[in-house]
1. Any aspartates and glutamates with Cα under 12 Å of the Lys53 Cα? List them, leaving off those in the same chain fewer than 8 positions away.
2. Please name whichever of Val36, Leu49, Leu69 sits farthest to the positive end of the charge dipole of segment 18-69, dipole taken about the Cα centre and charges placed at Cβ: Lys and Arg +1, Asp and Glu -1.
3. With an 8 Å Cα cut-off and a minimum separation of 6 or more residues, compute the relative contact order for the chain in percent.
4. Could you list log10 I(q)/I(0) for segment 31-121 at q = 0.12 Å⁻¹, which the Debye formula gives when each Cα is one point scatterer?
5. Would you please name the chymotrypsin sites (Phe, Trp or Tyr not before Pro) within segment 16-103 that are DSSP coil residues with at most 16 other C-beta atoms within 10 Å of their C-beta?
6. Averaged per residue, what accessible area in Å² does the chain show with a 1.4 Å probe, protein chains only?
7. At 1.4 Å probe size, with the rest of the protein present, what percent of the exposed accessible area of the chain is carbon and sulfur atoms?
8. Loop-only trypsin sites (Lys or Arg not before Pro) in segment 27-105, please: DSSP not H, G, I, E or B, and at most 16 other Cβ atoms within 10 Å.
Amino acid sequence: MVAKLREAEAALDHSPQAEALSEIAGLAATIAEQYVDGRIGALLPKPLLEGKKPVRDRELLRVAAAVVLIAGGVVGLAFLGLPDVAMATVGTAWSVLILMALFGSNWASHLPVLELFKPGP
C-alpha cells in the first residue's frame, strides 16, 4: 500500500498536478472507506497493488540509531570539558541535528527520544 501511495506522490513531479492530486485523493478516500468498513488488512484493492514491492518499516531501526548517535555524541562532548551550560546547549543541538538527519521534516515528532537522556531524580 505504501509503495502505491509513494508512486502516486512521485507523479506530482512529472504528471499534471491536478491528475496526480486526484489520484492521491482517490487513494485516500478508498483507504478511508475500507478502514471504516473494518477491512484493515486490505485498505487498497489487490489490482492496484500488483507488481508493487512492500515497503519495509525501518522506524525502529532509525530510532535505535538516533539513541546510539545521540548518546555517543554526548559522551564525546564530555571529553571536551565544556561548562555545563555549553554542554547542554551543544548536546541539544547535536540531538536535534541527529533527529533531523534521520527523520527529515518529521524530526519534531521524535523529540520524546530525548526523554531517555534526562538525568534521574
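1. Glu7
2. It is Leu69, whose Cα lies furthest towards the positive end.
3. Working: 61 pairs, mean separation 24.5, N = 121.
Once divided by the residue count of the chain, the mean separation gives 20 percent.
4. Normalising to I(0) and taking log10 leaves -0.56.
5. Values: sites: Tyr35, Phe79, Trp94, Phe103; in loops: Phe79.
Taking segment 16-103 and a limit of 16 other Cβ atoms within 10 Å, the loop chymotrypsin sites (Phe, Trp or Tyr not before Pro) found are Phe79.
6. Working: 8760 Å² over 121 residues.
With the other protein chains kept in place, the chain gives 72 Å² per residue.
7. Details: 5640 of 8760 Å².
Result for the chain: 64 percent of the exposed heavy-atom area is carbon or sulfur.
8. Details: sites: Arg39, Lys52, Arg56, Arg58, Arg62; in loops: Arg39, Lys52, Arg56, Arg58.
Passing sites in segment 27-105 are Arg39, Lys52, Arg56, Arg58.
The values are calculated or read from the model by the stated rules, or taken from the named source; none is laboratory data. Model, not experiment: these values are computed from the prediction. We place every Cβ from the backbone using ideal geometry, glycine too, and count neighbours over all the protein chains shown. Protein only, heavy atoms only, side chains kept; ligands, DNA and RNA dropped before computing areas. Shrake-Rupley method; radii C 1.70, N 1.55, O 1.52, S 1.80 Å.
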